[in-house]
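Heads up, the thing below is written out as structure tokens.
Just so it is clear, none of the values below were taken in a lab; they were calculated from the coordinates. Worth saying up front: this structure is predicted, and the values here are computed from it rather than measured. Heads up, the Cβs are rebuilt from the backbone with ideal geometry, glycines too, and the neighbour counts pull from every protein chain shown.
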Amino acid sequence: MKEFEEKLKKYIRENKIAAEHLAFTQSCHSVSEAALACGATPEDFVKNICMIDEENNLIVAIVKGEDRASRTKVGKALGINMPKVANEDEILKYTGYPCGGVPSFGYKASFVIDPRVMEKEIVYTGGGSTHSLVRIKSSDLKKANGGAVISIRK
């Protein structure tokens, strides 16, 4: 798992992203586990829901930790048919990161950010592994992935 964390830290450095990488001994796979690990609340987290369109392109729907992404809304927002949710193997193949550690930037995808994410000044996202997180301003997250801010939550 360390190689994934190192890859992300290198990407953050090389692209001069204002973000802090945090590593833990306990799991951060779920929002509740991550909140316990870093002493934050579940409302401080974002989830990166990986989806694949009909042409096998990766779409990442970024929603607050307590929210769910609507595949229908994502499809409408991008003007495509409803995408399918990626499985663990597809997530690793398309993002280069394991499920539960996927960051909100650092790989080729169409990023769609729910407006509620932007309401928080600081958010936590995947840090490359199930034992790490990235602490970042929501505005810097948007800048890092070039995502569109569109309502996509259920």
Between V85 and S30, with labels modelled 7 Å along Cα→Cβ, what's the label distance in nm to one decimal, could you check? 1.5
Theoretical ellipticity at 222 nm over the chain - DSSP helices of four or more residues, -39500 (n - 2.57) apiece, nearest 500: -8500 deg cm²/dmol
Can you tell me the dipole magnitude for the stretch 2-149 around its Cα centre, using point charges on the Cβ only (Lys, Arg +1; Asp, Glu -1), in Debye to the nearest 20? 340
Compare the Cα positions of N15, P103, T41 along the charge dipole of the stretch 2-149 (+1 at Cβ of Lys, Arg; -1 at Cβ of Asp, Glu; about the Cα centre) and return the one farthest towards the positive end. N15
Taking a spot 7 Å from the Cα of K10 along the direction of its beta carbon, which residues of the stretch 63-95 have an amide N less than 18 Å from it? 93-95
So for each of 92-101, 113-122 I average, over its residues, the number of other beta carbons within 10 Å; can you give me the resulting order with the highest mean first? 92-101, 113-122
Filter the cross-link list K16/K73; K7/K154; K16/K154; K47/K93 down to pairs whose alpha-carbon distance in this structure exceeds 27 Å. K16/K73; K7/K154; K16/K154
Taking the simple approach of a point 7 Å from Cα along Cα-to-Cβ for both A148 and I122, what is their distance in nm? 3.2
How far is the Cα center of the stretch 77-92 from the Cα center of the stretch 118-154, in Å? 18
Scan [x] 15.1; [y] 16.7; [z] 18.4 for the value of Kirkwood radius over Cα pairs in Å calculated from this model and give just the label. [x]
